[in-house]
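Read the structure below first, then the notes.
The values are calculated or read from the model by the stated rules, or taken from the named source; none is laboratory data. Just so it is clear, the model here is predicted, and its values are computed rather than measured. Ideal geometry is used to build each Cβ from the backbone, glycine not excepted, and the neighbour counts take in all protein chains shown.
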Amino acid sequence: MTDEEFRDHLDRYGGDLALWPPPAARDGRRLLLRSVRAQAMLDEATAIELALSRPGDRPPAGLADRIFEAAFRSEPSDRGFDLDEEMERPGRLM
C-alpha cells in the first residue's frame, strides 16, 4: 500500500483500522511500520474524528423542533420576500 492509497482508505473508512476491510487493514498496518507520513495521516484523521465526536459540540436535543414551533407561532412578516409583481407570494407552509 502506498501513502496515497492509505489516505484514500482513511477518507473512506476512518482512522480505526479495525473498521477497514481486512486486507486493507493488514496492508495499512504494514505501511504504518515504515511510513512516518502514514503515521502522521492516521494521527490527523484520529484527531479530527475525536474533535467531531465530542458530545458538547452538538446542538441540544429538540432544538430544531423548538425553532419550528416558534416560527409557526409568530405572525407572517411582510418583509420576507422581494418578488416581482407578476409572481405570486407563496402561502404558508403549514
Test: residue in the stretch 23-44 that is over 15 Å from residue 3 (Cα atoms) and surrounded by fewer than 16 Cβ atoms within 10 Å (Cβ to Cβ): yes
Residue that is hydroxyl-bearing (Ser, Thr, Tyr) and modelled with pLDDT of 75 or more, where the choices are 35, 77: 35
Candidates 49, 69 - the one that is part of a helix (DSSP H, G or I), modelled with pLDDT under 95, under 23 Å from the mean Cα position of the chain (by Cα) and acidic (Asp, Glu): 49
